[in-house]
Each structure stands twice: as structure tokens, then as C-alpha cells.
Amino acid sequence: MTIANSTELICFLILGAVVVLGSLGVVLLANIVYSAFLLGGVFMAVAGLYLLLNASFVAAAQVLVYVGAVNVLILFAIMLVNKREDLKPIEGLALRRLLSGGVCLGLLALLIRVALTTPWAVPGPAAIGVGATERIGEHLFTDYLLPFELASVLLLMAMIGAIVLARRDVLEADVGTGDAVNQVLVEKPQTPLLIDKSTS
Amino acid sequence: MPEPSSGLVPLQAFLLLAALLFCIGVWGLINSRNAVRVLMSIELMLNAVNINLMAFSSYIDGDLIRGQVFAVFVITVAAAEAAVGLAILLSLYRNRVTVDMERFNLLRW
């Protein structure tokens, strides 16, 4: 199941370069559509890293969930809020970027120091290899059963919440009492929220 | 057959890559003015954490791969977060007709 060492190293270097350059592109590119597609590339490269780590199931889940769902969702959001707008310049932007860059570099230095100086307990027990998927299934239905069920509830709540948040029209009558309601936005009170159904 | 834990790529290489990815994500989270890009940066950070979990699972916990189970949960939560985040973004856009983070300042004092 394992591949030769030099091949593994070459794959790691290529995938790592793709991850780092792609994420820099996601953050720095001016066009948001390019960023979204680069994000898909980064997700694919991370899935490749998982394959290097002998985790085929999680790599498949990464491709399905991130590339297939999250990235497509982001592209849909870009499409829905696609308006050319000239961002107003704000004062002290360069200073702000420099300061946050300094903070991030400090965090990076701290993380590198931790990663290099901690005596990790390697090599650990022998890797399970191809049996990883079965082992994940055993975990999910024995000792991680409660988090597994909670995750399904969380997904249901997220689905309902996303529908409620993104829905366009509002109800004419209160669901509980049946009284007529017309909620107005705090931001734009002049805009009627109710859709006038009499004209259509 | 050489095991991956004794391979040429050490555990620290994965940790350094994940640290770099996380820091890029933090920088993007702070500095992006487009709200969609902020969500992308959050996804980058979640992926960095996942790389760490998978590396530890493979190198240190190779038998019981608990890190992979955690990575599956993180992927689940990330999917839920992306859906709700983008729904919030859509309803923000409906109110403010912009995606500029500098203009979402209703709660600022």
C-alpha cells in the first residue's frame, strides 16, 4: 500500500507547493472568481495529502464535501452577490496590512517553533493502512456514536437555518397567532418587506 | 514495505505546511474586504487544522486513527458553517447591497 520513499517526497513537495501557492492566490488575487477556483485546487491538493497519509476515506470525503459542495456553494454565492463595486479607500490600510502581517508571521514563528522543538512520539504504532475505512466505521458506531448523531442534528439545523435566512419573502400573518404582521428592516424601514400579491 | 511513519517525509513537514496554510488563512480573514473571501479564508484555516489531525493520526496514532474520525467531524461542521455563512451573507447583501466588510458596521460603536 505504501509507495516508494522518493516518490512520496516528490508528491509531498508538489502538493505542498500547490497548497501554499493556491492559498496565497485565494487570499491575494483581485478577482474573486479566480480565488474560488483556486480554492477548489487547494482542496484537491489537501485531498492528495490525505492520500499520502494513507487515509483514502477522508480524502474521498474531502473531495465530495469540499470540492463538490462547499466550493460550488461559494461559486453560487459569488454569482448571487456579483455586483461590480468600487471599494472606498480607507485610511491606514497599508499600516493595517503590515500590522496584521506581523501578527501572522509571529503566529507562524510560534507554530514552527512548537512543531520543531516538541519531542513527538514517532514512530507510533504501525499504520493500519487499507483497513482505515473499517476502523473509522467502528469508531463512528461505538465510541463516537454520540458526536455522530449530534453531527446529523447539526446538519439538519444548518439546513433549516440556511433556508430561513436566505428566504426572500416573509409571511403575511404570524404563524402562531394569525395576526397580520409586517416586519420592517431596521436598516431600510422604507422598503416594504411584504410582497404585494394583489398586483401580480 | 516501508511504513509511512518511517518514510522520507517527517511529521514536522506536515505540521509546517499546516502552520503556513493556517497563517495565510488568518491573514486573509483579517484583511479581506469581500465577505465571500472571508468565508474562503475560514475554509483554508479549517483545512490546515484537518491536515494537522490527519498527520498526527497517521504518524502517532496509526492503529486507532482517531484523528481521521475527528477530521470527518470537522468536515461535517465546515459544510454546515459554509451553508449558514453564505445564507447570512445573502441576507446581509439584501439589506446593505454590498459585500464590503467595512460597511457592515451596524454594531460598531
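Values in this text are rule-based calculations from the coordinates and carry no lab data. As the structure is a computational prediction, the values presented were derived from the model and not from experiment. For neighbour counting, all protein chains shown are included, and Cβ atoms are generated from backbone atoms with ideal geometry for every residue, glycine included.
Listing for the model above:
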item: Exposure proxy order (Cβ contacts within 10 Å, fewest to most) of A:Leu52, B:Leu20; result: B:Leu20, A:Leu52
item: For region B:55-66, 3J(HN,Hα) per residue [Karplus equation, 6.51 cos²θ - 1.76 cosθ + 1.60, θ = phi - 60°, Hz, x = Gly/Pro]; result: 5, 4, 4, 7, 8, 10, 10, x, 8, 9, 4, 5
item: Hydrodynamic radius (Kirkwood) for the protein assembly as shown, which is based on Cα pairs only, to one decimal in Å; result: 21.6 Å
item: Phi-based couplings in Hz for region B:35-50 (Karplus 6.51, -1.76, 1.60; Gly and Pro marked x); result: 5, 5, 5, 4, 5, 4, 5, 4, 5, 4, 5, 4, 5, 4, 4, 5
item: Trypsin sites (Lys or Arg not before Pro) lying in DSSP loop within region A:74-164, provided at most 14 other Cβ fall within 10 Å; result: A:Lys83, A:Arg84
item: R0 of 45 Å, Cβ-Cβ distance A:Leu29-A:Ala121: FRET efficiency to nearest 0.05; result: 0.65
item: Whole-Hz ³J(HN,Hα) from phi, Karplus 6.51 cos²θ - 1.76 cosθ + 1.60, for region A:16-22, glycine and proline x; result: x, 5, 4, 5, 5, 5, x
item: Shape call, region A:43-143: gyration tensor on alpha carbons, a/c limit 1.5; result: oblate
item: Order of B:Leu86, A:Leu24, A:Leu53 under a 10 Å beta carbon neighbour criterion, fewest first; result: A:Leu24, B:Leu86, A:Leu53
item: Chain B: most fluctuating residue of B:Ala87, B:Ala78, B:Ala18 per GNM, C-alpha cutoff 10 Å; result: B:Ala87
item: Centre separation in Å (Cα based) which lies between region A:14-78 and region B:38-105; result: 12 Å
item: Under 5 Å, built H, 5+ apart or other chain: amide partners of A:Leu29; result: none
